[in-house]
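Heads up, the thing below is written out as structure tokens.
The values are calculated or read from the model by the stated rules, or taken from the named source; none is laboratory data. Please read all numbers here as calculations on a predicted model, not as lab measurements. Cβ coordinates were reconstructed from backbone atoms using ideal geometry, including for glycine residues, and neighbour counts include every protein chain displayed.
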Amino acid sequence: MRGNPDDISNQILGKIKHFINQELEDAKLHPTPKDVDSHEFGILDGREEFAEQLKKLIRKWEKRYA
């Protein structure tokens, strides 16, 4: 049932949103490219980009199916 906080799908979505927000918070603490090798920086940058895109996609779905 949409909107019911006890519904398992809402619980899972809440955990996903929490994880995304944690990734974005961690991204603020990323070292600069001069502090790490380019491979590691690319991974960190990719994780941040993925989290941002997933957050936008979830918002879009929530608007569409609300």
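Side notes on the structure shown:
- Near pairs, Cβ below 6 angstrom, 6+ apart or cross-chain, from the stretch 49-66 (under 18 Å from residue 15 (Cα atoms)) to any residue that is of a type in the set (A, V, I, L, M, F, W, C) and surrounded by 12 or more Cβ atoms within 10 Å (Cβ to Cβ): 51/20; 51/24; 54/20; 55/20
- Contact map, the stretch 6-25: first residue at pLDDT 90 or above, second residue part of a helix (DSSP H, G or I) and aliphatic (A, V, I, L, M), Cβ cut-off under 7 Å, separation 6 or more or different chains; pairs are 17/58; 20/51; 20/54; 23/51; 24/51.
Table: residues versus (1) surrounded by 12 or more Cβ atoms within 10 Å (Cβ to Cβ); (2) in contact with a Ser or Thr (Cβ under 9 Å, 6 or more places away or on another chain); (3) part of a loop (DSSP other than H, G, I, E, B).
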{"position": "6", "(1), (2), (3)": "no, no, yes"}
{"position": "17", "(1), (2), (3)": "yes, no, no"}
{"position": "20", "(1), (2), (3)": "yes, no, no"}
{"position": "26", "(1), (2), (3)": "yes, no, no"}
{"position": "32", "(1), (2), (3)": "no, no, yes"}
{"position": "36", "(1), (2), (3)": "yes, no, yes"}
{"position": "52", "(1), (2), (3)": "yes, no, no"}
{"position": "58", "(1), (2), (3)": "yes, no, no"}
{"position": "64", "(1), (2), (3)": "no, no, no"}
